[in-house]
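Structure record follows, encoded as structure tokens.
The values are calculated or read from the model by the stated rules, or taken from the named source; none is laboratory data. Not measured: the values here are computed from a predicted model. In this analysis, Cβ positions are derived from the backbone assuming ideal geometry, glycine residues included, and neighbour counts consider all displayed protein chains. To get the accessible areas, we keep the full protein, side chains included, count just its heavy atoms, and leave off ligands, DNA and RNA. Shrake-Rupley method; radii C 1.70, N 1.55, O 1.52, S 1.80 Å.
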Amino acid sequence: MTRIEASAIIPGAPDEVFRYASDWQKWAEWFDGVSDVRPTTEIVRGNGARYAYKVRVLGFKATVETEITEFVEGRGWKGIARKGIPHLTYWLFEPVDAHTRFTFAQEYRIPIPVVGGLLDVALLRKQWRGIIATSLGNLRRHFETREAGSQVGAGSHGA
């Protein structure tokens with residue numbers, strides 16, 4: 001399996017960042033290439049929750065289903081592929097001063113003998129690194145924009 005991991009410092013308290021990032025209804029807003037997210041179980045948060053969604057990779061949309069395991073409120077979880085591209089994801093939220101370090105890791109395998117490995121080395125790793133970097137940047141900007149807006153709003157009330 002290939003593993004890709006990246007972190008970003010998000011300007012917000014861990015509970016606040018976790019609440020937003022763990023809301024499956026928000027994933028398509030900030031996670032690059034993710035669309036059509038929907039729960040596939042009655043459990044919609046925490047261990048045992050499953051989500052089907054589309055992910056855009058190499059110009060194609062693939063449907064996957066991921067089950068949430070090892071869920072710890074405010075800290076993170078592990079996602080395990082149940083359908084589609086074999087993968088694991090790890091979402092970790094850690095306090096850093098008044099901010100949050102969000103680490104996202106993904107392990108995946110292309111289930112095509114020989115050619116899958118070559119495709120991964122030639123194209124896929126670079127694309128996944130870009131998708132993850134863009135997604136972390138989107139999440140950071142969501143909180144930066146919100147903080148900047150609250151500062152502007154606070155300043156205008158004092159005038």
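Largest first and to the nearest Å, give the Cα extent of the range 61-108 along each principal axis.
39, 19, 15
Counting Lys and Arg as +1 and Asp and Glu as -1, each charge on the Cβ, what is the dipole of the chain about the Cα centre in debye, to the nearest 20?
For the chain, the charge dipole is close to 560 debye.
Along the charge dipole of the range 1-127, Cβ charges K/R +1 and D/E -1, which of Q25, A13, A52 sits furthest on the positive end?
Result: A52.
So, in Å, what gap is there between the alpha-carbon centers of the range 69-134 and the range 25-63?
13 Å
Determine the per residue accessible area of the chain with all protein chains present and a 1.4 angstrom probe, expressed in square angstrom.
Here the residues of the chain average 55 Å² of exposed surface.
In whole percent, how big is the carbon plus sulfur part of the accessible area of the chain, probe 1.4 Å, protein atoms only?
The C+S portion of the solvent-accessible surface of the chain is 55 percent.
Work out from phi, with θ = phi - 60° and the Karplus expression 6.51 cos²θ - 1.76 cosθ + 1.60, the ³J(HN,Hα) of each residue of the range 12-19, listed in order in whole Hz, and give x for Gly and Pro.
Result, rounded to whole Hz: x, 5, x, 5, 5, 5, 4, 4.
From the helices alone, meaning DSSP H stretches of at least four residues, give me the mean residue ellipticity at 222 nm for the chain, per-run term -39500 (n - 2.57), in deg cm²/dmol to the nearest 500.
That comes out to -10000 deg cm²/dmol.
Can you list residues whose amide H is under 5 Å from G33's amide H, if they're 5+ apart or on another chain and H is modeled 1.01 Å from N?
none
Per-residue accessible area for K26 at 1.4 Å probe radius, Å² rounded to 10?
70 Å²
Compute the distribution of all C-alpha to C-alpha distances in the chain, in bins of 5 Å from 0, and list the percent of pairs in each, rounded to whole numbers.
2, 9, 16, 22, 19, 14, 9, 5, 3, 2, 1, 0, 0, 0
Amide H to amide H under 5 Å from T40: which residues, 5+ apart in sequence or cross-chain, H placed 1.01 Å off N in plane?
R50, Y51, A52
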